[in-house]
Amino acid sequence: MPLFDLPLDELREYRSASTAPEDFEAFWTGTLAEAREHDLDARFEPVDTGLSTVRVFDVTFAGFGGHPVKGWLTLPAGAEAPLPLVVQFIGYGGGRGLPHEHLLWASTGRAHFVMDTRGQGSAWGGGGDTADPVGGAPAYPGFMTRGIDAPENYYYRRVFTDAVRAVEAARSHPLTDAARTAVLGSSQGGGIALAVGGLVPDLAAVAPDVPFLCDFPRAATLTDRHPYREVGLYLRTHRGRTGDALRTLSYFDGVHFAAHGSAPALFSTGLEDQTCPPSTVFAAFNAWTHDDKSIEVYDFNDHEGGGPFQEAAQLRWMRSHI
């Protein structure tokens with residue numbers, strides 16, 4: 001697919017037409033306060049993986065509603081003092097998988113925590129282990145329209161809350177350094193990292209790679225690829241509900257979380273990306289409020305973006321931050 005979105009010089013100036021709800025901050029302050037009424041109850045169970053260079057812990061903590069959420073904590077073998085911490089979120093449809101799928105960041109001498117995504121983990125990778133016990137109104141198959149009838153019911157309210165609690169759980173381990181915490185992820189994981197970057201005020205670095213869940217009004221009408229297309233297919237059936245759906249989505253738009261970003265950030269985008277169009281990524285990047293921010297642009301790449309080249313860029317960039 002050749003270039004289909006705005007020219008690069010216009011992307012660098014593009015601003016989303018989406019507006020944050022007046023109660024955006026109050027909504028999220030209240031949501032997180034509700035979650036914190038439940039004991040975090042972070043448990044770290046050692047796992048025998050057959051790996052000799054790392055130690056792995058099977059983690060369970062209380063996320064949204066006190067629901068149990070899983071994760072893996074991987075530490076370099078022999079670590080005795082608190083380490084810089086990388087918290088990672090997973091792409092759409094994937095789960096935490098198996099421990100040996102996540103060795104990159106522990107190989108740099110950092111602690112690495114990967115969060116399972118509730119209700120997902122059945123589309124690719126090594127699977128997931130976290131249920132989503134919350135029901136909802138009628139939705140198009142997938143996750144994008146689950147609970148879209150109201151912000152308090154929306155699926156990503158639970159996921160973003162889980163993600164904030166995941167940072168808290170990872171930081172509670174004695175071998176992680178809370179003051180040197182970075183969050184990252186690709187696609188959906190990048191969108192989750194953006195949300196956490198706007199909700200957790202004391203992060204050291206945020207690295208959203210080809211982030212999903214940004215600039216919903218443009219994304220839902222610009223691309224016909226899933227997952228954004230789920231919104232259009234839902235509205236094809238539920239005629240007349242576009243305004244209500246977009247209102248719900250505005251509480252979960254990466255553009256609005258970016259307006260609260262208080263840490264250095266490294267973004268990436270592919271100019272041929274029809275899954276997460278570059279204008280939607282630039283919408284969040286341009287809204288990111290911290291002065292120390294940069295974006296890697298991959299001219300002829302689709303949603304794979306930079307792939308291992310972006311990982312290499314993150315490795316170099318992280319040296320200056322954690």
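The values are calculated or read from the model by the stated rules, or taken from the named source; none is laboratory data. These numbers were taken from a predicted model, which means no experiment stands behind them. Here the Cβ positions follow ideal geometry from the backbone for every residue, glycine too, while neighbour counts run over all protein chains shown. When the accessible area is computed, the model is the full protein with side chains, heavy atoms only, and any ligands, DNA or RNA have been set aside. Shrake-Rupley method; radii C 1.70, N 1.55, O 1.52, S 1.80 Å.
Figures for the structure shown
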{"read-out": "Label zone at residue 225 (point 7 Å along Cα-to-Cβ), backbone N below 19 Å, segment 119-152", "value": "123-125, 142-145"}
{"read-out": "Other-chain or far-sequence residues with amide H under 5 Å of residue 263's (modelled H)", "value": "290"}
{"read-out": "Euclidean distance of C-alpha centroids, segment 260-310 and segment 149-192, integer Å", "value": "19 Å"}
{"read-out": "Helix-only mean residue ellipticity at 222 nm for the chain, each DSSP H run of n ≥ 4 adding -39500 (n - 2.57), per residue, nearest 500", "value": "-8500 deg cm²/dmol"}
{"read-out": "Zone of residue 236's modelled label, taken as backbone nitrogen in segment 137-170 under 13 Å from a point 7 Å along Cα→Cβ", "value": "140-141"}
{"read-out": "Rough spin-label spacing in nm, given labels placed 7 Å along Cα→Cβ, for residue 179 and residue 26", "value": "3.7 nm"}
{"read-out": "Å² of accessible area per residue within the chain, as computed with a 1.4 Å probe and no ligands counted", "value": "40 Å²"}
{"read-out": "Solution diffusion estimate, µm²/s, Stokes-Einstein, segment 192-233, Kirkwood Rh from C-alpha pairs, 37 °C, viscosity 0.692 mPa s", "value": "279 µm²/s"}
{"read-out": "Accessible heavy-atom area order of 317, 124, highest first, probe of 1.4 Å", "value": "124, 317"}
{"read-out": "Rough spin-label spacing in nm, given labels placed 7 Å along Cα→Cβ, for residue 134 and residue 39", "value": "2.3 nm"}
{"read-out": "Extension gain (nm, one decimal) between residue 150 and residue 12, 0.36 nm per residue minus Cα-Cα", "value": "46.4 nm"}
{"read-out": "Efficiency of FRET between residue 315 and residue 292 - r from beta-carbon atoms, R0 22 angstrom, step 0.05", "value": "0.80"}
{"read-out": "DSSP-defined antiparallel bridges as percent of all bridges, the chain, nearest 5", "value": "45 percent"}
{"read-out": "Carbon + sulfur, % of accessible area of the chain - ligands and nucleic acids excluded, 1.4 Å", "value": "51 percent"}
